[in-house]
Amino acid sequence: MPEFDLLVVGGGPGGYVAAIRAAQRGLRVGLVEKERPGGVCLNWGCIPTKAMLRSAEVYHTVRAAADFGVHADNVRFDFAAVRQRKDGIVKELTDGVAGLLKANGVTVIEGHARFTAPTTVEVHEVGPSPIFEGGPRYAAAPTTAIRQVSATDVIIATGSVPALLPIPGAELPGVITSDGAFGLTEVPKRLAIIGGSAVGAEWASLFATFGSEVTVVEMQDRLVPLEDKEIGVALGRSFGKRGITVLTGSTVTAVAQATGALRVTVGGPQARELDADVVLVGVGRRPNTAELGLDIAGITTDARGFIPVDEQLRTGVEHVYAIGDVTGKALLAHVASHQGLTAADVIAGHDAHIDYTVIPAATFTHPEIASVGLTEDAARAAGHQVLTAKFPFAALGRAKTFGETEGFVKIVAGQRHREVLGVHIIGPSASDLITEGALAISLEATLDELAETIHAHPTLGEIGMETALAGLGLPVHIAPPRKRPGAAS
């Protein structure tokens, strides 16, 4: 008789959600976790970075207080206090997750799981990390097996870790990943960031606000290259205004120790050497499957190390499921959570599946970025005849009262039926505004339906309606498009 109906390996935003849902469905659930509950998102990603970015945002706002008729003298920040606030938020949330697991009757087993059969694992002790104070991130290799656990079904939810670059000097002190950035006890005077996607762009925005001299090196022709082209161009322009140096179409070929600095060699059309106190590598993530014993369980991975799954999160091994970053589907916490809910429901006997066609994403730079659906280029490549509409925050009353008028909303729609295919935002509260776009695509809404929906005024949210009106050729709060010479009236 297996000890559990379901064993979840990993307690991140996919694993703990799956465990809770399965317990709510009446299953006996165990969860193996070697660190604090909450995974990368709560401990080393979403939450701690947003806590620090909020501190940077407050610092920026207070420094600009005179623009609002408020005078604040001798404004300064305390980086130790910024980190302390971050740690407090992380502890509160991870303790909250632990409490939720307990309240739902989930048995939490501390340690590192290693398969001995498809639905049986040994749990090993792990040592604390010598690098981080907040918990055993990158803990020492598992040692003594402390117990064996079996279950009818198993979910692998072990997440991902930052990818490393195979370049000379990558191992030098001062060359860090996004995890290592949390170990910094002071703001670096000069910071070089390798990679201008979401991770690199967020750290660039954060440390530039705190006074670092920041250089971002991005291999593609623009920042955040997975976003719509206009969004990446706009962010590059915004970073330039803030004094952040952006080198696109470029790569870092080596890092070397120099006198009092790290010498970074940049290749490409903007080739140069630059000195930095810290080099942050933010070029992606790799699945965290080391020492899980996947081969013993018969679980195969693809060429990149991710575990292939079907729409119900089944692996190629019966009774073994995988969710979250290890699947390589979309490395986002909210995707992992939905995968966890789906897998738990399937295991409990429900006919559930996950749809990846509508996945919102947000990047918490200043200004924020958020998107859902197809970019303009992707829509055209998919064969759509498209029309696009844009509306600037500068024409929005609420944005003016906020003092945040940079950016715009762009909607990509089908030309014939005007159905919403994609929504792309750069500007204030983009991460909150994108939900309307996701709902519009899910419900197959059209520009007409968005335009006819009464939005509260004055709000940032009404920019969705204003953009739809622009797309219909009926803008109210921006000038109408110019008619081409000779066009019919």
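The values are calculated or read from the model by the stated rules, or taken from the named source; none is laboratory data. As the structure is a computational prediction, the values presented were derived from the model and not from experiment. Cβ placement follows ideal geometry from the backbone for every residue including glycine, while neighbour counts extend to all protein chains displayed. Quick note on the areas: whole protein, heavy atoms, side chains included, nothing else; ligands and nucleic acids left out. Shrake-Rupley method; radii C 1.70, N 1.55, O 1.52, S 1.80 Å.
Can you give the direction-averaged projected area of the convex hull of the alpha-carbon atoms in region 1-101, in nm²? Don't skip to the end; give the middle numbers.
Details: hull surface 33.6 nm².
Mean shadow area of the hull around the Cα atoms is 8.4 nm².
Over the chain, what is the relative contact order in percent, taking alpha-carbon pairs closer than 8 angstrom and at least six residues apart?
Values: 1062 pairs, mean separation 65.3, N = 489.
Rounded, it is 13 percent for the chain.
Packing-wise, with mean Cβ within 10 Å as the measure, how do 27-36, 283-292 rank, highest first? Walk me through the numbers on the way to the answer.
Details: 27-36: 23.7, 283-292: 18.6.
Put in order of decreasing packing, that is 27-36, 283-292.
Would you mind getting the accessible area per residue of region 210-309, heavy atoms of the protein chains only, 1.4 Å probe, in Å²? Could the numbers behind the result be given before it?
Details: 4640 Å² over 100 residues.
Accessible surface, normalised per residue, equals 46 Å².
For LYS102, go through the lysines and keep the ones whose alpha-carbon is under 23 Å away, minus same-chain ones fewer than eight residues off.
LYS102 reaches LYS34, LYS91.
At 1.4 Å probe radius, can you tell me the per residue accessible area of region 324-466 in Å²? Working shown, then result.
Numbers: 6190 Å² over 143 residues.
Per residue, region 324-466 has 43 Å² of solvent-accessible surface.
Quick one: net charge of ILE146's neighbours, Cβ under 13 Å, K/R +1, D/E -1?
Values: positive: LYS34, ARG114, ARG147; negative: GLU110, GLU122, GLU125.
Cβ neighbours under 13 Å give a net charge of 0.
Note down the net charge around ALA51, summing +1 for each Lys or Arg and -1 for each Asp or Glu among other residues with Cβ under 10 Å from its Cβ.
Working: positive: LYS50, ARG54, ARG83, ARG85, LYS86; negative: ASP87.
Summing Lys and Arg as +1 and Asp and Glu as -1 gives +4.
What is the percent carbon and sulfur in the accessible area of the chain, measuring with a 1.4 Å probe over the protein chains and ignoring ligands?
On the way: 11910 of 22660 Å².
That fraction is 53 percent.
Between LEU226 and HIS455, with labels modelled 7 Å along Cα→Cβ, what's the label distance in nm to one decimal, could you check?
2.6
Ranked highest first by average number of other Cβ atoms within 10 Å, how do 348-357, 368-377, 419-428, 71-80 line up?
Details: 348-357: 12.3, 368-377: 23.0, 419-428: 25.9, 71-80: 9.7.
Result, highest mean Cβ count within 10 Å first: 419-428, 368-377, 348-357, 71-80.
Taking the Cα centre of region 1-112 as origin, work out the dipole magnitude from +1 charges on Lys and Arg Cβ and -1 charges on Asp and Glu Cβ, in debye rounded to 20.
On the way: 14 positive and 12 negative charges, 19 e Å.
The dipole of region 1-112 has a size of about 80 debye.
Once you have the Cα-Cα distance between PHE68 and LYS91, take 0.36 nm times their residue separation minus that, and quote the gain in nm to one decimal. Each step should come with its number before you reach the end.
On the way: separation 23, 0.36 × 23 = 8.28 nm, distance 3.47 nm.
Taking PHE68 through LYS91 to full extension adds about 4.8 nm, to one decimal.
Could you tell me the relative contact order of region 245-379? Use alpha-carbon pairs under 8 Å, at least six residues apart, and round to a whole percent. Present the calculation step by step, with values, prior to reporting the outcome.
Details: 166 pairs, mean separation 15.2, N = 135.
That works out to 11 percent.
Which of ILE347, LEU223, LEU331 sits closest to the plus end of the dipole of the chain, meaning its Cα is farthest towards the positive end, when Lys and Arg get +1 and Asp and Glu get -1 on the C-beta?
Farthest towards the positive end: LEU223.
How do 335-344, 394-403 rank on mean C-beta neighbours within 10 Å, highest first? Don't jump to the answer; show the numbers that get you there.
Numbers: 335-344: 25.6, 394-403: 16.5.
With the highest mean Cβ count within 10 Å placed first, the list reads 335-344, 394-403.
Set the bar at 30 Å for Cα to Cα. Now go through LYS86/LYS241; LYS50/LYS229; LYS329/LYS400; LYS241/LYS329; LYS189/LYS241 and name every pair that lies beyond it.
Details: LYS86/LYS241 28 Å; LYS50/LYS229 25 Å; LYS329/LYS400 39 Å; LYS241/LYS329 35 Å; LYS189/LYS241 19 Å.
Beyond 30 Å: LYS329/LYS400; LYS241/LYS329.
When only C-alpha pairs under 8 Å and at least 6 residues apart count, what is the relative contact order of region 1-103, in percent? If you can, show how the numbers build up before the last one.
Numbers: 103 pairs, mean separation 28.5, N = 103.
The normalised contact order for region 1-103 reaches 28 percent.
Would you mind pulling out the separation of the Cα centroids of region 184-251 and region 392-424, in Å?
Comparing the Cα centres of region 184-251 and region 392-424, I get a distance of 23 Å.
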